[in-house]
Structures are given as C-alpha cells and as structure tokens.
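Here's the structure we're looking at; comments come further down.
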Amino acid sequence: MSDGTGERKRDGAGEQKPDGERQGTGDGGAGAARHGTGPGGPGRARHGTGPGGAGAAWLPTVDLTRDAAPQLPAVDRALREAGFLLVTGHGVDPGLRAGIRAAARRFFHLPSAAKEPYAVRVGGRGWLGPGAEANGYAEGTATPPDLKESLSFAADEPTGDPAVDAEWFLPNTWPAEIPELKPLVETYLAEMKALSDRVLDLLGEALGEERDFFTRHTGHPTFGFNVNWYPGRERTGEPEPGQFRIGPHTDFGTVTVLDREAGKGGLQVFTEAGGWQDAPYDPAAFTVNIGDLMAGWTGGRWRSGRHRVLPPPAEAPEEELMSLVYFYECTPGTTIHGIESHGYLRAQLDAIATD
C-alpha cells in the first residue's frame with residue numbers, strides 16, 4: 001500500500017507470538033537514550049508544526065461526529081510533525097471527569113502516612129509518591145525526579161494465561177479512604193477503551209490502511225491509567241535546575257488519551273521547527289498523542305510525540321493541576337517490526353523508576 005511518497009508501508013504487527021513467549025526488546029536496555037531510538041527508528045520524520053507561531057504549537061482538532069475522510073490529511077500531517085492532535089465529539093461526560101478529579105484530590109490531600117500503604121514503584125497499581133518517577137530517564141537524561149504524585153490503575157480482566165495475567169492483568173488497588181473513586185474510575189476506563197478504539201480506527205484510515213489496521217490487535221489489550229496531581233510550590237518547594245512536573249520524554253506505547261487542565265505550568269510539545277511550544281488547550285477536547293510503538297508500527301511515517309509538563313510557575317506558585325492520562329496498548333504478544341510490544345513497555349517503565 002503506497003503512503004503517497006512512493007514507499008510501501010508495512011503492518012509489522014500481523015504476527016502474534018504464542019502466549020507467554022517473550023522476545024528481547026532490542027531497545028538497548030533500560031538506560032539507553034530513547035529520543036528517536038525506539039521502535040520508530042532514528043529516521044523518524046522531524047518536520048515543523050506549520051501555523052501557530054512560537055507561542056503555541058499547531059495541532060488540528062478532529063471531530064469524531066463528522067465524516068472522517070476530509071479530516072484525514074490533517075491527522076496524517078499532525079502525526080508526522082508533532083505526534084499530537086485534539087479530539088472532540090467523543091461523548092464523554094465532563095461531569096465524570098470532574099468527579100474523578102474531586103475524589104482523587106481528596107486522596108492526594110491526605111497525610112503522607114495515610115497514602116503510604118498504597119505506595120508502589122512505576123508500573124504498579126497504587127500511589128506513586130513524590131520522587132518516585134523521572135520521565136527524563138527514558139531519554140537517557142539524569143534529571144531530578146518529576147514534581148508530581150499519581151494514582152495508577154491498569155487492565156484487570158484476566159486472559160486465562162497465568163504468566164500474562166501475573167504481569168499485566170492484576171487486580172487494582174482502591175484507596176479505602178475514598179470509596180467513591182472506584183465506580184467513577186471504572187466507568188471512565190470503559191469509556192476510554194471505547195474512545196481509544198474509535199481513535200485507532202481513525203488512525204488506520206489516516207495511514208491509508210484498513211479501518212481495523214490497529215484495532216485488530218486490541219482484542220484483549222492492556223492499558224494504564226494515571227491520575228497525575230501537580231501540586232504548587234508550597235508542597236514541591238523550589239524546582240531544581242532541569243526539574244519538571246514531568247520531564248521531557250515520548251510515551252512508550254500505542255496511543256495516549258489525555259484530559260488535562262489549563263495552566264501556566266502545563267503541557268508543552270516539541271517539534272524540530274518550533275522547539276518547545278505550549279500545547280493548545282480546548283476544555284471540550286481530549287489531547288491525543290502517539291507513542292514509540294505506534295511510530296514503529298507506521299515504519300517511522302509518524303513520530304512519537306515528545307512532550308513535557310512545566311514546573312510550578314514562579315508567577316503562580318500555588319497553581320495546582322490534575323491530568324487524567326489513559327495509555328492504551330495492544331494485546332500482549334503483538335510483535336511490531338521484531339519488537340515484542342510488552343517486553344518493550346516493561347523495559348521502558350523500569351527505565352523511568354527512580355528506585
């Protein structure tokens with residue numbers, strides 16, 4: 001299938017490994033630099049963002065209620081240049097998102113002693129406390145820890161394969177102090193899965209492939225869901241040089257669906273032409289970005305979206321933000337250009353842990 005440049009794209013993910021088989025990731029190990037060296041390869045396109053100027057990156061808004069065909073060129077361009085786009089027409093109730101934030105905020109404001117029993121390392125299910133994570137490590141940069149706390153959840157519906165279930169489909173941990181959080185999050189996760197499959201169908205078409213080019217590999221997917229809390233300086237103190245709420249990185253997997261709040265210490269995206277620029281914000285839209293596995297899946301046509309979250313700003317030191325971050329992946333055992341998807345994901349998660 002021609003991609004419009006005279007080259008032919010490859011699926012690369014049509015092969016499913018037997019359950020429990022794990023290949024090496026071929027990614028250079030946990031400490032290797034990740035910027036431009038993941039499955040997308042060092043030749044990933046690095047084009048400019050087009051309109052938008054130095055202050056804000058240009059990202060298109062895709063309306064899922066409209067005909068997809070006229071919107072596909074903008075999707076393809078955005079994923080070639082930035083790895084990001086905005087999505088509206090998703091049908092997710094804003095009240096549900098507000099309810100999760102309110103419940104999670106009550107947890108994050110508990111005393112540390114009450115949160116400590118839920119503490120886990122990166123990739124676990126529970127509370128990631130201050131200093132637990134440094135996303136810049138994924139690029140091979142020894143940055144200070146990220147200035148955030150997180151509540152982390154993940155897929156919990158077993159496959160029936162004991163080895164796969166023991167690593168990727170464990171029960172979630174729910175804070176007993178905030179009982180209202182579980183039903184809110186479980187409802188949200190079901191909506192995020194449905195939305196992510198709709199987005200992947202759109203991306204399949206934008207790539208010029210069959211609509212189910214990606215979703216044929218999400219029959220029993222894994223996912224991660226982080227509620228990221230970015231407190232103000234009264235809790236974090238003065239940021240160290242090179243310290244961010246989340247350090248510069250690309251996401252590791254397939255597609256990320258982000259519900260965020262506007263702020264001075266908010267999300268920035270990186271392009272070769274524009275450098276670091278503020279991501280445009282629309283309260284009605286989800287921000288969607290693709291990760292390393294998706295970039296590799298397209299043979300480097302699309303780029304994994306490099307991004308960071310700025311530290312608490314000096315001019316607004318009490319600014320507190322919260323993001324709902326859904327990382328949607330393929331079914332374990334999917335092989336993408338010789339890389340077993342979940343072996344790669346595990347290596348990357350281990351790389352950003354500070355312990």
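The values are calculated or read from the model by the stated rules, or taken from the named source; none is laboratory data. Because the structure is predicted, anything quoted here is derived from the model rather than measured. Heads up, the Cβs are rebuilt from the backbone with ideal geometry, glycines too, and the neighbour counts pull from every protein chain shown. Areas reflect the complete protein model, heavy atoms only, side chains present, ligands, DNA and RNA absent. Shrake-Rupley method; radii C 1.70, N 1.55, O 1.52, S 1.80 Å.
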Completion exercise
Taking first residues from the range 330-355 that are more than 17 Å from R216 (Cβ to Cβ) and among the hydrophobic types (A, V, I, L, M, F, W, C) and second residues anywhere that are open to solvent by less than 10 Å² (accessible area, probe 1.4 Å) and modelled with pLDDT under 90, the pairs with Cβ under 8 Å that are 6 or more apart or on different chains are A351/R34; A351/A138; I352/A138
Completion exercise
Quick count over the range 167-188, residues being surrounded by fewer than 18 Cβ atoms within 10 Å (Cβ to Cβ) and modelled with pLDDT of 95 or more, is 12
Practice task
Would you check if there is a residue in the range 195-207 being open to solvent by less than 10 Å² (accessible area, probe 1.4 Å), in contact (Cβ under 8 Å) with a residue 60 or more places away in the chain and more than 21 Å from the chain's Cα centre (by Cα)?
Solution key: no
Completion exercise
For the range 124-167 the number of residues that are over 21 Å from A190 (Cα atoms) and in a strand (DSSP E or B) is 4
Practice task
Scan the range 110-124 residue by residue and report those that are β-branched (V, I, T) and either open to solvent by less than 40 Å² (accessible area, probe 1.4 Å) or over 17 Å from D350 (Cβ atoms) (or both).
Solution key: V122
Practice task
Tell me which of these V62 doesn't satisfy, since it passes every other one: (1) over 22 Å from I352 (Cβ atoms); (2) in contact with a Pro (Cβ under 9 Å, 6 or more places away or on another chain); (3) open to solvent by less than 30 Å² (accessible area, probe 1.4 Å); (4) not in a loop (DSSP other than H, G, I, E, B).
Solution key: (2)
